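Data first, discussion second: the structure below is written as structure tokens.
Every number in this text was worked out from the coordinates using simple rules, so none of it is lab data. Treat the numbers as computed from the prediction; the structure is a model and nothing was measured. Here the Cβ positions follow ideal geometry from the backbone for every residue, glycine too, while neighbour counts run over all protein chains shown.
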Amino acid sequence: MALSNVLEPAVSGFNFENSTRNTVLENGSEEGKIKAPKPMKTGTTIAGVVYKDGVVLGADTRATSEEVVADKMCAKIHYIAPNIYCCGAGTAADTEKTTDMLSSNLTIFSMNSGRNPRVVMAVNILQDMLFRYRGMIGAHLILGGVDCTGSHLYTVGPYGSMDKVPYLAMGSGKLPAMGILEDRFKGNMDLEEAKALVSDAIHAGIMSDLGSGNNTDLCVITKEGVDYIRPHRESLYNYKRQAKYKYKPGTTPVLTKTVNQLELVHETVQMMETAGSS
Amino acid sequence: NSFTIHSFFTFLDTTIMAVEFEGGVVIGADSRTTTGAYIANRVTDKLTPIHERIFCCRSGSAADTQAIADAVTYQLGFHSIELDEAPLVQTAASLFREMCYRYREELMAGIIVAGWDPRRGGQVYTVPVGGMMTRQPVSVGGSGSSYIYGYVDSNYRAGMSKEECLKFTAEALTLAMERDGSSGGVVRLAVISEQGVERQVILGNQLPKFSTV
């Protein structure tokens, strides 16, 4: 409210423009009913830990569309600001767009105020937005970052609730990951210990949850900078394709070929007044 | 239990309590936040500062109560600056009531507002689900409160000292946490008086012990 940081205008209520079209499609035309596509859920394990010098975030890389793996190397650790990263679980589109919007807002804020954004500010913006949409945006997020006030780890739920904790796991694989974290977390760990802990927590999620799998990404954020390790640990079950799926040139026979020469009839040049002309 | 319908919401099914004493109030809460059967946060802080000497104890939907508390903190801060004076606890409670009653269909929030102001000393106001507001010398709330009404009614005496109130609150919360599955973790306590706010935490293994039957 005080500082202009918002790119989107506050439109009241939901946009129901497509609802009539959707009912027509779902109730059927002469060809038959069309079933609405299911939103791609990430079925995920994400985790975060605060250690001595900063924050370590971790995520698996599997994106599922019901029972098929839609993306084996999906990036779930999203950039928010140079010192803030966000892991997202839930509906893939929602986490992508929400984190994108948050990142844009914080960039505008940085430019307007001349300050680096704080993690608590990212959390407040997310809370406002998710609460306003009353849980319709399926984004379960873990935000971690280091700012002038220290290292912070927050979780924001889809209804707009927030928790600040030293270690955390979210997603469908959170139960096994939380087990590892509860067992081995200590305050003020050093970097290697923290990376091993997060990596093992994600690994537990990958092994015990069907919706999580493939590789593990890690992101280490400190005062000095960010180390985005993608992948940190590769899956043991990487499958090599047995055959090539490329077609040789000439596989498709050409039946006919027509060439139409386009004639240049008329050419106009229009000068435009652009701002800041010298 | 009507809360079990909304197992996807993050809930502060809880036990919260506040007691008035001569010179201030003692407030307390457990520390469990649940999403269905999973404990999303086992060290939650449900005692939220609204102003320097006014706190609220939150129960119900985590998202709703956090949003309401943020909105009331802003409104009360603005009011206090305009007035150039410390706000009254009754004002804070009225702001909560306004919001909880106006949006009663959309919200699920049970809040106890407690604090100290120079005009009336320590006060406890309860704003349960639905948006009623009433002042009580002792108030309990949340899903675990059902189990301790008998204990509170039989053990509360007017004119208790600060230490007696702290012991009373800690024991009541412990009893509720023993019996209510949605309450647990640690006991967070705070004393609000003219001198300010003193906070303390009683860890799980330090809680008062009762007979295990």
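Observations on the model:
- Going by neighbour counts of Cβ atoms within 10 Å, the residues B:Ile192, A:Ile108 line up, fewest first, as A:Ile108, B:Ile192.
- Applying a DSSP loop filter and a limit of 12 other Cβ atoms within 10 Å to the GluC sites (Glu not before Pro) in the stretch B:40-91 leaves B:Glu85.
- Order of A:Cys87, A:Cys148, B:Cys165 under a 10 Å beta carbon neighbour criterion, fewest first: A:Cys148, B:Cys165, A:Cys87
- Shape category assigned to the stretch B:16-202 from the gyration tensor of Cα positions, a/c cut at 1.5: oblate
- Furthest towards positive pole of dipole, A:Gln270, B:Phe168, A:Asn18, structure part the protein assembly as shown, Cβ charges: A:Asn18
- Cross-link partners for A:Lys76 among the aspartates and glutamates, with Cα-Cα distance under 16 Å and sequence neighbours closer than 8 places in the same chain left out: A:Asp60, A:Asp94, A:Glu96, A:Asp100, A:Asp217, A:Asp227, A:Glu234.
- Expected 222 nm ellipticity per residue - DSSP helices of 4 or more, -39500 (n - 2.57), all of chain A, to 500: -8500 deg cm²/dmol
- Applying D = kT/(6 pi eta Rh) to the protein assembly as shown, where Rh is the Kirkwood radius over alpha-carbon pairs, T corresponds to 25 °C and eta to 0.890 mPa s, the Stokes-Einstein value obtained is 96 µm²/s.
- Set A:Lys72/A:Lys223; A:Lys72/A:Lys244; A:Lys97/A:Lys244 screened for pairs whose C-alpha atoms are more than 26 Å apart: A:Lys72/A:Lys223; A:Lys97/A:Lys244
- In Hz, Karplus ³J(HN,Hα) per residue of the stretch A:51-61 (6.51, -1.76, 1.60; θ = phi - 60°; x = Gly, Pro): 10, 3, 9, x, 10, 10, 10, x, 7, 7, 10
- Most tightly packed first, judged by the mean number of other beta-carbon atoms within 10 Å of their residues, the peptides A:125-136, B:17-28 read B:17-28, A:125-136.
- Shielding of A:157-169 by partner chains, average beta-carbon count, 10 Å: 6
- Take each residue in B:60-66, count the other chain C-beta atoms within 10 Å of its C-beta, and the mean is 5.
- Relative to the Cα centre, the charge distribution of chain A, modelled as +1 at Lys and Arg Cβ and -1 at Asp and Glu Cβ, gives a dipole magnitude of about 600 debye.
- R0 of 45 Å, Cβ-Cβ distance B:Ile81-B:Tyr149: FRET efficiency to nearest 0.05: 0.70
- Eligible lysines near B:Lys167 by straight Cα distance, threshold 24 Å, same-chain separation 8 or greater: B:Lys46, B:Lys209
- Chain A: mean projected area of Cα convex hull, nm²: 25.5
- Residue order for A:Ser104, A:Ser151, B:Ser154, fewest other beta carbons within 10 angstrom first, comes to B:Ser154, A:Ser104, A:Ser151.
- Theoretical ellipticity at 222 nm over chain B - DSSP helices of four or more residues, -39500 (n - 2.57) apiece, nearest 500: -9500 deg cm²/dmol
- Contact order for chain B, expressed relative to its length and based on alpha carbon pairs under 8 Å spaced 6+ residues apart, stands at 28 percent.
- Karplus-based coupling profile of the stretch A:115-125, in residue order and whole Hz: 10, 6, x, 9, 4, 5, 5, 4, 4, 4, 4, with θ = phi - 60° in 6.51 cos²θ - 1.76 cosθ + 1.60 and x standing for Gly or Pro.
- Applied to the stretch A:91-104, the Karplus parametrisation 6.51 cos²θ - 1.76 cosθ + 1.60 on θ = phi - 60° returns per-residue 3J(HN,Hα) values of 6, 4, 4, 5, 5, 4, 5, 4, 5, 4, 5, 4, 4, 5 Hz, with x for Gly and Pro.
- Coil-residue GluC sites (Glu not before Pro) of the stretch A:145-248, DSSP, other Cβ within 10 Å capped at 15: A:Glu224, A:Glu234
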